[in-house]
Amino acid sequence: MSAQKHYYKSNLTTSNYLALAALTLVFILASDLFLIQVKRKNYSKKLEASELALEAQLTLRNENFDLIGEEISVITTDLGDSLSKQVSTNPNFAAAFIEMFDEIGIKRGDTVSVAITGSFPAINIAFYSACKVSGVHPIVITSVGASQWGANKPDETWLDFEKFFNEKGVFPYKSVAASIGGKSDIARDLSEEGKNILTNTIGRHETRFIRANSIVESARERVTIFDSVSTNVKAFVNIGGGVSSLGVGNSKFISPGVNLDLFDVEFPKIGALTILAERGLPIIHISEIVDLEKRYGLKEENYIIPRVGKGEIFETIKYNLIYLAPFAILYWAILFFMLSKFRNAAIKKASGN
């Protein structure tokens, strides 16, 4: 006589399912109690750099310097985006530079070559702040001209900003050379008055004048100057769209932020960046300012005005596993108990007992 086999369906009732759903919902809601804010790597350094950037901005404003320049001026070399200029004043960009330095492996005492323009003075300030806090030495070459809403007032160029910071003891950095900037790096579309103002500005600050006959020549002279200052440069930083730095038509090959593999790219034109990239140098390229702010988490969600030290670049939210793990074990124990109880009740009911 063969043994009779009995098969039982789950037979869980609607109330059983509701009880399980309620337990799971309670667990999900209660687990949020174990969320904590965790400081990200280099938190203190990022905060210090951002606070320094804000302090530098306030020092400027107290002396009636404008971080956001004019829509049009006699030394405005290019079109600009007003939103990008406003976003660029977020002092937390200094924290982004700290993170980029760390990604590349730049350490205290290292030297970097830098090409900047007058288009984003607030980003320049953020970069200088990161350098000062990190103990990084920048070799700076400036394109003095600026796009709309940049440092485009005749008496408030980036070289004027730089001198002001030197005199106030905010930053010790001074450009080792400068060009006019703008189209072809000679402000080709600018009036003679505008060109003369930029030329005189470079002379007034006693800065070496890069006066090349072509973009390629200007690019090579920049690299020669960098090499004359240091042959042990760890990275190249480009802030803005200086044509002698990037090279004509090369920007589409360069991602905003950190670039580690540009040595393999066949650039159509020569720029200082392409020459240095061929050497295998890591590249930090600052453009697409609005996207960079979002990518690096430089502002809290739902906050229009950024707050120093606030944003995902400083802190992230994680579960505290020390407390969540026992709670999860308790949840699974209760769930197993309830399922066993419901199953036994269903089996007992099916067997008629």
Regarding LEU246, is this residue surrounded by fewer than 19 Cβ atoms within 10 Å (Cβ to Cβ), farther than 20 Å from TYR128 by Cα and within 22 Å of the chain's Cα centre (by Cα)? no
Hey, THR201 in a helix (DSSP H, G or I), assigned by TED's automatic domain parsing to the domain that holds SER50 and among the β-branched types (Val, Ile, Thr) or not: yes
Could you tell me how many of the residues in the stretch 288-305 are among the hydroxyl-bearing types (Ser, Thr, Tyr) and either without any contact (Cβ under 8 Å) to a residue 12 or more places away in the chain or touching a Ser or Thr at 6+ places or on another chain (Cβ under 6 Å) (or both)? 1
Test result for ASN90, buried (at least 24 other Cβ atoms within 10 Å of the Cβ), assigned to a loop (DSSP other than H, G, I, E, B), in the same structural domain as ASP227 (by TED's automatic domain parsing) and under 13 Å from the mean Cα position of the chain (by Cα): yes
Kindly provide the set of residues from the stretch 127-160 that are closer than 24 Å to LEU276 by Cβ, assigned to a helix (DSSP H, G or I) and touching a residue at least 60 places away in the same chain (Cβ under 8 Å), ordered by number. PHE127, TYR128, SER129, ALA130, LYS132, SER134
Residue that is farthest from GLU156 (Cα to Cα) [pool: residues in the stretch 186-199 that are surrounded by 13 or more Cβ atoms within 10 Å (Cβ to Cβ) and small (Gly, Ala, Ser)]: ALA187
Consider ILE202 carefully, then state whether it is of a type in the set (Val, Ile, Thr), within 16 Å of the chain's Cα centre (by Cα) and surrounded by 13 or more Cβ atoms within 10 Å (Cβ to Cβ). no
Among the residues listed as LEU83, LEU67, the single one being in a helix (DSSP H, G or I) and either surrounded by fewer than 14 Cβ atoms within 10 Å (Cβ to Cβ) or in contact with a Lys or Arg (Cβ under 9 Å, 6 or more places away or on another chain) (or both): LEU83
From ILE239, ILE186, ILE180, grab the single residue that is β-branched (Val, Ile, Thr) and touching a Leu at 6+ places or on another chain (Cβ under 6 Å). ILE180
Here are LEU190, LEU246: which of them is over 27 Å from ALA95 (Cβ atoms), at pLDDT below 95 and of a type outside the set (Lys, Arg)? LEU190
Taking the criterion of being in the same structural domain as ILE123 (by TED's automatic domain parsing) and either surrounded by fewer than 16 Cβ atoms within 10 Å (Cβ to Cβ) or free of Cβ contacts under 8 Å to residues at least 60 places away in the same chain (or both), would at least one residue in the stretch 231-240 satisfy it? yes
Given the conditions (1) modelled with pLDDT of 95 or more; (2) closer than 24 Å to ILE68 by Cβ; (3) surrounded by fewer than 20 Cβ atoms within 10 Å (Cβ to Cβ), and given that GLY169 satisfies all but one, which numbered condition is not satisfied? (2)
Take the conditions within 30 Å of PHE314 (Cα to Cα), basic (Lys, Arg), modelled with pLDDT under 90 and touching a helix residue (DSSP H, G or I) at 6+ places or on another chain (Cβ under 9 Å) and apply them to LYS299. Does it pass? yes
Find the strands (runs of 3 or more DSSP E) located wholly in the stretch 221-331 whose residues include 3 or more that are closer than 23 Å to LYS183 by Cα, and list them. 233-239, 283-286
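The values are calculated or read from the model by the stated rules, or taken from the named source; none is laboratory data. All values derive from a computational prediction rather than experimental measurement. Positions of Cβ are backbone-derived with ideal geometry, glycine not excepted, and every protein chain shown enters the neighbour counts.
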